[in-house]
1. Would you mind telling me which numbered condition in (1) of a type in the set (Val, Ile, Thr); (2) closer than 19 Å to B:Trp328 by Cβ; (3) in contact with an Asp or Glu (Cβ under 8 Å, 6 or more places away or on another chain); (4) within 14 Å of another protein chain (Cβ to nearest Cβ) B:Val472 fails?
2. Would you say A:Leu102 is at negative phi and modelled with pLDDT of 90 or more?
3. Kindly indicate the residue of segment B:436-459 that is away from chain A (no Cβ under 11 Å) and under 50 Å from the mean Cα position of the chain (by Cα) and also modelled with the highest pLDDT among those meeting that condition.
4. Please work out if B:Ala73 is farther than 14 Å from B:Asp127 by Cβ and not in a strand (DSSP E or B).
5. Taking strands (runs of 3 or more DSSP E) that do not extend beyond segment B:96-198, which have at least 2 residues that are open to solvent by 30 Å² or more (accessible area, probe 1.4 Å) and within 30 Å of B:Ala253 (Cα to Cα)?
6. Condition first: more than 10 Å from chain A (Cβ to nearest Cβ), aliphatic (A, V, I, L, M) and free of Cβ contacts under 8 Å to residues at least 60 places away in the same chain. Now tell me which residues in segment B:481-514 satisfy that.
7. List, please: which pairs have Cβ atoms under 7 Å, are six or more places apart or on different chains, and start with a residue in segment B:130-145 that is within 21 Å of B:Met281 (Cβ to Cβ) and end with one that is open to solvent by 50 Å² or more (accessible area, probe 1.4 Å) and not acidic (Asp, Glu)?
Amino acid sequence: MERPELSITVRRTPEEVVLSLAGEIDMLTGTRLANAVTEVLAEPPPRVTLDLAGVTFCDSTGLGTLVVLSRKVSHAQSVLVLTNVGDFLMRVLDITGLRSALMVKNSEPSS
Amino acid sequence: MIRELSTNVNTADVAGAGSGGRRVTAAAAPDAPAIPRPSVVGGSEPAPLLDHFREGVVVTDQAGVIREFSEPALRLMPGLAVGRTLAGCGAPALTDGDLTIGDRRVRSRRVDLTVAGVTSIAWYVEDVTDAIARSDALLAERGRARFLAAASQQLGNPLHEDRAARAAVRLAVPTLGEIAVVVLSPRRGRARWWRATGADPAMVDGGVLTGDELPPAVEQALAGNEPSEADWLADQLAEAGWLGDRDRRAVSARVVSLPGSASATGALVVVRDTDPDQHDMQLLRGFAARAGAALDAAVLYRDQAEVAETLQASLAPTEPPAVGGVQWGAAYRPAQSSLRIGGDFYGAHQMPDGGALFYLGDVSGKGVDAAVFTGQIRQGIQALRRIEADPARLLSLLNDAVLETSRSHGQGRFATMVLGRAHSTHSGGLSLTLASGGHLPPIVLRSDGSVETVDLRGMLIGVVPDPRIATVTVQLAPGETCVLFSDGVTEARGGVRGDQFGAARLVDALTGCQRMPAPAVAERVEQVIGDWLGGRNHDDIAVLAVRAVPSGLTARHLHAVPS
């Protein structure tokens, strides 16, 4: 079975840029995500939101990508927000202690 | 009449004439006069009408008496005279084909001419010495080019100094000489050599010489100079034992450098029965350039392989030490099967108080970069454990060190890990103090066959200053095992649909394994994951099992640890 790709859809408003992700964040796809965020930061918005509703998997390299992006965004005087974080990813963020290090704002509380 | 006929028969007319010659018949007019006989016997003047032929022409009657000849023929056979036989003029007997006259190569062809019923024989003779020399030179050059092309092809393949050197001496015999010796530039004061001989070029022998034992001419060649005193070379080679049973006075020897990228990578010695000419030396140098390039690549590859081997050995996980009351088991499978190293790491150290410090983790990235980072982390733990024994505080110090190196390298590198301390208890079990740096929680195999997941959470190492690091204490009764594992285990994709293995399957796989010794537990995990993967690509996989055993049983075995 082929690994699912990571699709990235970018939507820009005056207040924020939302990147909707679907698929897996791992070593192969993390670079694409990093490049997409870097392009967004060419004209930094007040907030960069990663909508993770469609993310089915995130390995340790993917977590590293999120950490690096968080630093990069804050260097650009912006803020990185994770939204629609699923149960699986929330558990990973809990295990790794990143839930408190990254800004997670779910519209509904994760069960 | 004969003169007119002679002037009209040229090379084109006789092209392809057989060895018996071609008979050319001219129908003479009824009133045609008889062919005039030469009036002057012994006349040595060439017939001017024949002189425009490119070839020399000699016309004789059937008795072999010369009737006339041309200037080019006279140049080839200076004694020609009309009215005499060829033999009488001191000229060789002419035959269809090639012959040698003096130092010249001559091609002659016979054409039988019949005019008015009288038959004469015209011999066309051509000096082909230069043409043959040019042809031979061209063939020789083509042969040399073919030899060098074949040599390039055969020498270009082996990235192994022994194979490259063997190929070089095998190829050199017999084209370049009857004996060929390749000597590599000395390494740590010792020079390796290989030799092939004409007796059996496939058979290659060799050996090692110290710097003092090298023939001086070979030393010169290794220094990049071509020795001039070829006379002394055979004596030097005989002393080195390379001439075998050949007489040093009956051979000619040459030595040339095998050029490398920076300096000579070696020397090539060839021994022949005859002195080489300039073409032979050109060929020898051309071959040496190709052999040198191949050997240089092989030597460079060897050096790099040795460096890589040394670095891999230093970065690969090492066997935990014997600690009373603890039995270790480990399994390790890097993502890149060509490497013995990866981004997962584990280790253990005996503490001064008799306990043990142990850890297993995973760094960001893959392959060599990740392995180098694991080496830094392991060295960090090795140093920090001497000043800090508490797992949580040790991880906090390690976090600061990783943050510092990440900043200085400009990389967002981080690690996840579980680090623990093991102490023997009075009951013969172990008390484990575990601290988590954002790693997957360990699982415990209880003596009743149940499997527990340790409730342990913490922050990744190398992400933020002052991370929250949780600790938990786990008691192991004798025979119980705590298993640490990397995410390569739970995230292994396999089965029918390429699903992840997951924590639930891991628990199932270890349920009922409580009686297994620690090495068998680690091996079990690796085997189950291997079956699940079914040959697919995978992340680095690491397992460390810590089992409580009575103090006398510290036997340990590390399965699949790269040696």
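The values are calculated or read from the model by the stated rules, or taken from the named source; none is laboratory data. Treat the numbers as computed from the prediction; the structure is a model and nothing was measured. Using ideal geometry, Cβ is built from the backbone for each residue, glycine included, and neighbour counts are taken over all protein chains shown. In case anyone asks, the SASA skips ligands and DNA or RNA and just uses the protein heavy atoms, side chains included. Shrake-Rupley method; radii C 1.70, N 1.55, O 1.52, S 1.80 Å.
1. Here B:Val472 meets the rest and fails (2).
2. no
3. Looking at residues that are away from chain A (no Cβ under 11 Å) and under 50 Å from the mean Cα position of the chain (by Cα), I get B:Pro442.
4. Considered against the rule, which asks whether it is farther than 14 Å from B:Asp127 by Cβ and not in a strand (DSSP E or B), B:Ala73 comes out as no.
5. B:190-197
6. Within segment B:481-514, B:Val489, B:Ala492, B:Ala504, B:Ala509 meet the criteria.
7. B:Ala140/B:His279
Listed here are the residues, each with its yes/no results for (1) open to solvent by less than 80 Å² (accessible area, probe 1.4 Å); (2) modelled with pLDDT of 85 or more; (3) not charged (D, E, K, R).
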{"position": "B:Ala509", "(1), (2), (3)": "yes, yes, yes"}
{"position": "B:Cys513", "(1), (2), (3)": "yes, yes, yes"}
{"position": "B:Glu523", "(1), (2), (3)": "yes, no, no"}
{"position": "B:Arg536", "(1), (2), (3)": "no, no, no"}
{"position": "B:Val546", "(1), (2), (3)": "yes, yes, yes"}
{"position": "B:Leu553", "(1), (2), (3)": "no, no, yes"}
